1. Which of these, E282, E227, E198, has the largest mean-square fluctuation under a Gaussian network model of the chain (Cα springs below 10 Å)?
2. Quick check on the stretch 166-311: what are the equivalent-ellipsoid semi-axes from the Cα gyration tensor, as sqrt(5λ), descending, whole Å?
3. Calculated FRET efficiency, A173 and A31, Cβ-Cβ r, R0 51 Å, to nearest 0.05?
4. Using only C-alpha atoms and all pairs of different ones, pull out the Kirkwood radius for the stretch 64-126 in Å with one decimal.
5. What residue among R354, R74, R46 shows peak mean-square fluctuation when the chain is described by a Gaussian network model with Cα springs under 10 Å?
6. What aspartates and glutamates does K297 reach when the alpha-carbon gap must be under 15 Å and sequence neighbours fewer than 8 apart in one chain are set aside?
7. Peptides 50-59, 217-226: what's the order by average Cβ count within 10 Å, highest mean first?
8. Apply the membrane-span-like helix rule to the chain: whole DSSP H runs, Cα extent along the own long axis of at least 30 Å, mean Kyte-Doolittle hydropathy at least -0.5. List the helices found.
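The values are calculated or read from the model by the stated rules, or taken from the named source; none is laboratory data. Since we're looking at a predicted model, the values are computed, not measured. In this analysis, Cβ positions are derived from the backbone assuming ideal geometry, glycine residues included, and neighbour counts consider all displayed protein chains. Remember, those area values only see protein heavy atoms, side chains included, never the ligands or the DNA or RNA. Shrake-Rupley method; radii C 1.70, N 1.55, O 1.52, S 1.80 Å.
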Amino acid sequence: MLNSEGGTSMKLHSTLLAACSLVALTGVASAETLTIATVNNGDMIRMQKLTDDFTKDHPDIDLEWVTLEENVLRQKVTTDIATKGGQYDVLTIGNYEVPIWAKQNWLLELSGMPSDYDEADLLPAIAGGLSVDGKLYAAPFYGESAMVMYRTDLAEKAGVTIPAEPTWDEIMAAAKAMTDKDAGIYGICLRGKAGWGENMAFLGAMSNSYGARWFDMEWKPQFDTEEWKATLTDYLDMMNNYGPPGASSNGFNENLALFQQGKCGMWIDATVAASFVTDPKESKVADSVGFALFPEKGDLGNRGNWLWSWNLAIPASTTKADAAKAFVAWATSKHYTDLVAEQDGWRAAPPGTRTSLYENADYKEAAPFAEMTLESINAVDTNKPSVQEIPYTGAQFVSIPEFQGIGTAVGQQFSAALAGNVTADQALNNAQQLTQREMMKAGYIK
């Protein structure tokens, strides 16, 4: 039999156990899981590997990743946010979507970021594309323009010089000279996979450099013009004569792999690829890569005007806004850049978002492409991507909600032409008709 003191002690012990259990249960209940939708490229995969740095400071936040191929990601997050599905707490989206979605009140404003976040350090060209009425609605993870990446050893062997500011004629001549199909080397690798952010990102930029435009001032499609015909004809000639087989299935990731394996003499694509093609751990040709600005056609003085950023945004449908903001701030901070540099070297730091990165001597020494990346980004004028008058803004895309569908449908036509299923003229005619039909349906033209 217990004495009164022992009974009291036992009761106290039980009470403490119950209290501890309650605290434990409360702790479990208060932990939040953020579902993050992201793209399956190298920078985003690296971010996932480094998130222990975030969770050690935020033990009450768990991270769940949904990692998707670029076209699939766009489809899923667009459907979810438009229907207020609430599947995701953090979205990886481009500078195309941000202003359109912000105006629809689909995104939360990124106000109240940590005091050391230093929003003023963001590159103006990048931050401007993520803001509406001076308010930031997404934080840039990395930014890019486009440029030429080429094999210096193959160029030397072929006896060609690729200037820092090449023309398309010089690029086509170099592609011919560097092609050695018997050795499995192709003079040029370009995007062919259909998608408004895949082949049409490249072809949109190329068309700008050729003096083309998507629409005239009355929103009439322009695929029946000489500028678009010249763009598509030269693209198909390059790819059919000097490109790899099966190019109509190749997007960014596929061409990156080809270049890293030594299969491409040149690759014209996003500046962000520079850190991957010069990575000796991943690229067989890391010590033989040169860089040049995006080509121009003749003396038009327009080098494509490609401007893109992958950004982290918070959908208005989330119920975990504070936790989501904490993650976004971490992943796009100066601290994160330092973390990448510590783990993988300064060359791997996410490019194109912060002025301080391009003032960092260690980065400039480690990244031979840094100066050209910054020059390419700063040269972009999204208000005037074409030398002709236009009613829209955007760089390699058109900043209207309908562009996702139109751009992908046009991309399918041009990919079919690359695969040999239709002629260039048929593809352009189909693009003209389908774009006109969609613009009439949307009320832009009658």
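1. E282
2. Details: eigenvalues 137, 56, 41 Å².
Equivalent ellipsoid semi-axes, largest first: 26, 17, 14 Å.
3. Working: r = 60 Å, r/R0 = 1.19.
Calculated value: 0.25.
4. On the way: mean 1/r = 0.0737 Å⁻¹.
It works out to 13.6 Å.
5. Largest GNM mean-square fluctuation: R46.
6. Within reach: E165, D169, E170, E226, E227, D234.
7. On the way: 50-59: 12.9, 217-226: 16.6.
Sorting 50-59, 217-226 by mean packing, highest first, produces 217-226, 50-59.
8. On the way: long enough: 4-30 (39 Å, 0.78).
Qualifying helices: 4-30.
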